[in-house]
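Encoded as structure tokens, the structure appears first; notes follow it.
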Amino acid sequence: MDKTYQPHEIERAWYEKWEQKNYFAPSGQGDAYSIMIPPPNVTGSLHMGHAFQDSIMDSLIRHQRMLGKNTLWQAGTDHAGIATQMLVERKLAAEEGKSRHDLGRDAFIERIWEWKEESGGTITRQLRRMGASLDWSRERFTMDEGFYKAVQEVFVRLYDDKLIYRGKRLVNWDCKLHTAISDLEVENKDQSGHLWHFRYPLANGALTAEGKHYIVVATTRPETMLGDSAVAVNPKDKRYQNLVGQYIDLPLVGRRIPIIADDYVDAEFGTGCVKITPAHDFNDYEVGKRHQLPMFNILDHNGAVLSRAEVFNSDGTANGDLDDRLPEQYHSLDRFEARKLIISEFEAAGLLEKIDDHALKVPYGDRSGTVIEPLLTDQWFVAVADLAKPAIAAVEQGDIQFVPKQYENMYFAWMRDLQDWCISRQLWWGHRIPAWYDDCGNVYVARTEAEARSKYQLSHDLALTQDNDVLDTWFSSALWTFGTLGWPEQTPELKTFHPSSVLVTGFDIIFFWVARMIMFTLKFTGEVPFKTVYVHGLVRDQDGQKMSKSKGNVLDPLDLIDGIELETLVAKRTGNMMQPQLAKKIEEQTRRHFPEGISAYGTDALRFTFLSLASTGRDIKFDMNRMEGYRNFCNKLWNAARYVLMNTENQDCGIQGEAVELTLPDRWILSRLQETEQQIAKHFADYRFDLLANALYEFVWNEYCDWYLELSKPVLWDENAPAERLRGTRRTLVQVLETILRLAHPLMPYITEEIWQRVAPLAGQQGDTIMLQAYPLADESLIDPAANADIEWLKGVMLAIRNIRGEMNIGPGKTIRILLRNADQEDLRRLETTRTLLLKLAKLEEIQVLATGADAPMAATGLLGNMEILVPMAGLIDKEAELARLAKELDKLNKEIARLDGKLSNAGFVSKAPAEVVAKEREKLAEMQSAYTRLSEQQAEIARI
RNA sequence: GGGCGAAUAGCUCAGUUGGGAGAGCGUCUGCCUUACAAGCAGAGGGUCGGGGGUUCGAACCCCUCUUCGCCCA
């Protein structure tokens, strides 16, 4: 083996072998355990969030696989409607100068499929680099033929159950992409804008309480005034009570609109008067419905002003009675141009009261980057109220459990306040809505046109056209757990692997995905989609900032695995930017953070880092220093294996059941191994990957490497040691290492496989891969508290000697002798058990036991319980240094004694605290006092010289 | 404005019946000791955000304030 751990030399080969041998597929044996991967976007590439999430899922699935379960980790990707369509449109424009309209719908979709075949596999290749043991043979895509069947089935059944309807509703409209988008795709940005105060003249000579002919409304979006239906005030607002029921003559438009009272209005905000524009604002839309106000849509799909408003009643039906005229000068004017003109016209008419600066949130489309417009359009909706009830009950009853539990509250809060879900998108790429229209606009929903004709008994010559829209990508994602298993067919896979065992996801998509999966899955399968939802935090940079391209703080997981040169990293972060002006700042920042670029840490170190960061918090601050520490941990494991192999290969390790002698250290490390296995089992059950990683790290480094390997040396290097003892030590070395590898495998698949291949035969283990070995489970009969206590005693003696060596500057190469005074029977017994080990490990030439109270030469003193560990000073230690060291010790003891003394002289404590707590404190105090006495006597003695 | 979350060593974070404040990294000191300098040994470092309360006893329970983050309006 190499002297240093070199991750890139081992990773790829192992993954290829695992995949080729089909180790990732379900074994067909044992209880089922399944995880459906949250399907990554087919256009995407692996980011830190994926890498984090996949590390967790892979650890779970490898753990369960090793426990003998019939495991399925379902692979797949999501067709990502907008993202994919935009990507291919841009490519088409760049390469051929054509738009999708030049090609037409069918040809364009053909192009997308071509793109997908060629380039859609990026993220799945990257997942392989992470070591993800997904069953690729079952990989699914949400636009697969089979998946489309499931989508259609769900749509048709929901429609027939009256849970899907079509209607004119206000939606988030992207004026550039010409489609409705979901709330998830809207990013609300803080901006400084203005609040324009407009005078609206009162009709019929009405006057305000102050005697004015007008009232003042404030707005952040002046252009919407063209669509005003009313002015609202708070019903309790005394200033305007007399005006409720009166009218306004809307400037520029000339429409007469009422003044209404509604609790929505905040009397304290602005003037307390609010213009109501139901067709262009979500709040106003609700107000409009409450007061049956007509809706005036004034914008077209590009966000330009119409020549005539589209007028609807509050239920969405067309209204042919009201005046739909709009001022001519606004026709075809873009919304932002219209805003300017409106302001100047109000000003010219003396109707602009004032302009205030105002901080507001502006909605932007995350794909197009343009301001999103609330727009009245015909869309398809899912009525969620009835679907939500069983979905809430499933969590209340514990059929689905959230981990950590607090997220259940977030889920309930959202489910109780659910809006109908707009599922149609004006795109070409996606699942086309299975609805057909005749010339009169009647709608027929069925799986095919032919089915529509028979279902609705339509004549053969009636012309039907299919709805042009496609479904929201999340609609198909909501079917993911059962759609991937063949539903609506009742397949064996569906029967075996559904419901899935656990969903691993970020809290940010509980609403958009988790809740909808629960609703749809319950409705169509009668089962929950998963029994547990493990919710993890979001990966942020070292300062807690969200990682984003525009901030330039994005880390590519593959760069952490493979390493990257500084110049390449700078180019990668500053290339192809939406806002090129930020490039300079990002370059500076990158050069500051990574002056040497990023070195290669390997997949295992990256995975272990993610897992050790997976606690219950919401934010995961990714810290390169921690990853370096875990890379070092890999190296430690690697070198421990080298040591073990050097001492066991081609030697008698007792694997044929030969007689062995197990030394105290052997029994101790085996005992500690069982306890570690117990802890790890508990942490897996609790999804506490951070504690799990810690327990493993602690055992491997601080117990196995720091102590056991060192304790094995005196045995292995003892030429006179009996064969049984050598065999016992070698067997323990190898067995414990082999068990560590299996324990660690779910977290660090590559390094453990690489080492296991060499170590397993020595430990008498058979098998082609560690992946399919049994996961270690604790054997309680091997837990040995006595051995543990004895080793703790040995560590105590070692620590006392090392402390004196360190503080007194006695080099580690220097052999010394020690004296023990005040040793009791137990100390003496332990001394005899460990004498050889102590002599070797502490570099001692002699350990001499003194009778209690016997005189001793001048010596530096350490204490272990009542036993004094003396290192004679002659020629080694200078008086002042020892006095200073003792003073420091005494000072520490003094503080602790004062604290305990205070506690024990508190009558309340002694009388009310549990007896064992009081007894424990008394014992501690006595120990400290005794230690204090001894050390101060020693101090006096040395001072006398 | 409403809701949720966070605040513990210089940094990143554990601390699950309320009973001796921990880890890793960084810092200081000494070591190329034949598994590992990506290492070994030793040491230093914290009024657990502020204030109040409950309790014999609070990092932990309650109230309040401050700061930061996220979601919603």
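The values are calculated or read from the model by the stated rules, or taken from the named source; none is laboratory data. For clarity, every value in this text was computed on a predicted model and none was experimentally measured. Glycine also receives a Cβ, built like all others from the backbone with ideal geometry; neighbour counts cover every protein chain displayed. These area figures cover heavy atoms from the full protein model, side chains too; ligands, DNA and RNA do not enter into them. Shrake-Rupley method; radii C 1.70, N 1.55, O 1.52, S 1.80 Å.
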- prompt: Out of A:Glu738, A:Glu754, which single residue is open to solvent by less than 20 Å² (accessible area, probe 1.4 Å) and closer than 21 Å to A:Tyr643 by Cα?
  reply: A:Glu738
statement: Out of (1) within 11 Å of RNA strand B (Cβ to nearest atom); (2) small (Gly, Ala, Ser); (3) farther than 19 Å from A:Thr836 by Cα, the one A:Ser712 does not meet is (3)
- prompt: Quick check: is even one residue across the range A:800-811 of a type outside the set (S, T, N, Q) and loosely packed, with under 15 Cβ neighbours inside 10 Å?
  reply: yes
- prompt: Exactly one of (1) open to solvent by 60 Å² or more (accessible area, probe 1.4 Å); (2) outside any helix (DSSP H, G or I); (3) within 15 Å of RNA strand B (Cβ to nearest atom) is unmet by A:Gln656. Its number?
  reply: (3)
message: I'm trying to understand the selection: among the residues of the range A:700-723, which are open to solvent by less than 20 Å² (accessible area, probe 1.4 Å) and within 30 Å of A:Tyr630 (Cα to Cα)?
response: A:Val700, A:Glu703, A:Tyr704, A:Cys705, A:Tyr708, A:Leu709, A:Leu711, A:Ser712, A:Pro714
- prompt: Name the pairs: first residue in the range A:823-843 and outside any loop (DSSP other than H, G, I, E, B), second residue surrounded by 13 or more Cβ atoms within 10 Å (Cβ to Cβ) and among the aliphatic types (A, V, I, L, M), Cβ to Cβ under 6 Å, at least 6 apart or on different chains?
  reply: A:Asp827/A:Met867; A:Thr833/A:Leu664; A:Thr834/A:Leu794; A:Leu837/A:Leu711
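Matching residues to (1) under 30 Å from A:Thr484 (Cβ atoms); (2) in contact with a Gly (Cβ under 7 Å, 6 or more places away or on another chain); (3) not aromatic (Phe, Trp, Tyr):
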| residue | (1), (2), (3) |
| --- | --- |
| A:Phe511 | yes, no, no |
| A:Gly537 | yes, yes, yes |
| A:Gly544 | no, no, yes |
| A:Asp556 | yes, no, yes |
| A:Glu565 | no, yes, yes |
| A:Thr590 | no, yes, yes |
| A:Phe594 | no, no, no |
task: Could you tell me which residue of the range A:665-691 is nearest to the chain's Cα centre (by Cα), considering only residues that are open to solvent by 10 Å² or more (accessible area, probe 1.4 Å) and aliphatic (A, V, I, L, M)?
output: A:Leu691
message: Only one of A:Ala860, A:Ala856 is outside the structural domain of A:Gln939 (by the TED database), at pLDDT below 85, closer than 20 Å to A:Arg805 by Cα and not basic (Lys, Arg). Can you tell me which?
response: A:Ala856
- prompt: Out of (1) open to solvent by 10 Å² or more (accessible area, probe 1.4 Å); (2) within 16 Å of RNA strand B (Cβ to nearest atom); (3) closer than 30 Å to A:Leu886 by Cα; (4) touching a residue at least 12 places away in the same chain (Cβ under 8 Å), what's the single condition that is false for A:Ile791?
  reply: (1)
- prompt: Which one of A:Asn639, A:Asn625, A:Asn635, A:Asn647 is surrounded by fewer than 16 Cβ atoms within 10 Å (Cβ to Cβ), out of contact with any Asp or Glu (no Cβ under 8 Å at 6 or more places or on another chain) and of a type in the set (S, T, N, Q)?
  reply: A:Asn625
Any chance A:Arg642 is farther than 30 Å from A:Arg727 by Cα and either over 30 Å from the mean Cα position of the chain (by Cα) or within 8 Å of RNA strand B (Cβ to nearest atom) (or both): no
- request: Run A:Ile818 past the list (1) modelled with pLDDT under 90; (2) under 25 Å from A:Gln939 (Cβ atoms) and report the number of the one that doesn't hold.
  value: (1)
- request: Starting from residues that are farther than 26 Å from A:Lys275 by Cβ and open to solvent by 60 Å² or more (accessible area, probe 1.4 Å), keep the ones in the range A:174-186 and report whichever is farthest from RNA strand B (Cβ to nearest atom).
  value: A:His178
query: Going through the range A:457-471 one residue at a time, which ones are open to solvent by less than 70 Å² (accessible area, probe 1.4 Å) and either more than 27 Å from A:Trp173 (Cβ to Cβ) or at pLDDT below 90 (or both)?
result: A:Leu458, A:Ser459, A:Leu462, A:Ala463, A:Leu464
- prompt: Quick one: is A:Leu726 touching a residue at least 60 places away in the same chain (Cβ under 8 Å), surrounded by 15 or more Cβ atoms within 10 Å (Cβ to Cβ) and more than 26 Å from A:Met130 (Cβ to Cβ)?
  reply: yes
- prompt: Out of all the residues in the range A:609-628, is one or more farther than 30 Å from A:Asp508 by Cα and more than 9 Å from RNA strand B (Cβ to nearest atom)?
  reply: no
query: Going by the conditions given, is A:Leu864 within 16 Å of RNA strand B (Cβ to nearest atom), within 21 Å of A:Leu711 (Cβ to Cβ), open to solvent by 20 Å² or more (accessible area, probe 1.4 Å) and in contact (Cβ under 8 Å) with a residue 40 or more places away in the chain?
result: yes
task: Taking the residues in the range A:297-321 that are among the small types (Gly, Ala, Ser) and either at pLDDT 90 or above or open to solvent by less than 40 Å² (accessible area, probe 1.4 Å) (or both) as candidates, determine which candidate is farthest from A:Val287 (Cα to Cα).
output: A:Ala304
- prompt: Based on what the data block shows, is A:Ala851 in contact with a Lys or Arg (Cβ under 9 Å, 6 or more places away or on another chain) and open to solvent by 40 Å² or more (accessible area, probe 1.4 Å)?
  reply: yes
query: Is it the case that A:Thr43 is over 22 Å from A:Phe610 (Cα atoms), surrounded by 20 or more Cβ atoms within 10 Å (Cβ to Cβ) and under 19 Å from the mean Cα position of the chain (by Cα)?
result: no
- request: From the list A:Pro404, A:Pro390, pick out the single residue that is in contact with a helix residue (DSSP H, G or I) (Cβ under 9 Å, 6 or more places away or on another chain), open to solvent by 10 Å² or more (accessible area, probe 1.4 Å) and in contact (Cβ under 8 Å) with a residue 40 or more places away in the chain.
  value: A:Pro390
- prompt: Is it the case that the range A:549-564 has a residue that's at pLDDT below 80, within 12 Å of RNA strand B (Cβ to nearest atom) and open to solvent by 10 Å² or more (accessible area, probe 1.4 Å)?
  reply: yes
message: I'd like to know if the range A:24-41 contains one or more residues that are within 16 Å of RNA strand B (Cβ to nearest atom), part of a loop (DSSP other than H, G, I, E, B) and touching an Asp or Glu at 6+ places or on another chain (Cβ under 8 Å).
response: no
Filter result (open to solvent by 10 Å² or more (accessible area, probe 1.4 Å) and not charged (D, E, K, R)) within the range A:431-456: A:Trp436, A:Tyr437, A:Cys440, A:Gly441, A:Asn442, A:Val443, A:Tyr444, A:Thr448, A:Ala450, A:Ser454, A:Tyr456
message: Just to verify a result, which residue in the range A:901-915, among those that are open to solvent by less than 40 Å² (accessible area, probe 1.4 Å) and near RNA strand B (Cβ under 8 Å from one of its atoms), is nearest to A:Met928 (Cα to Cα)?
response: A:Phe909
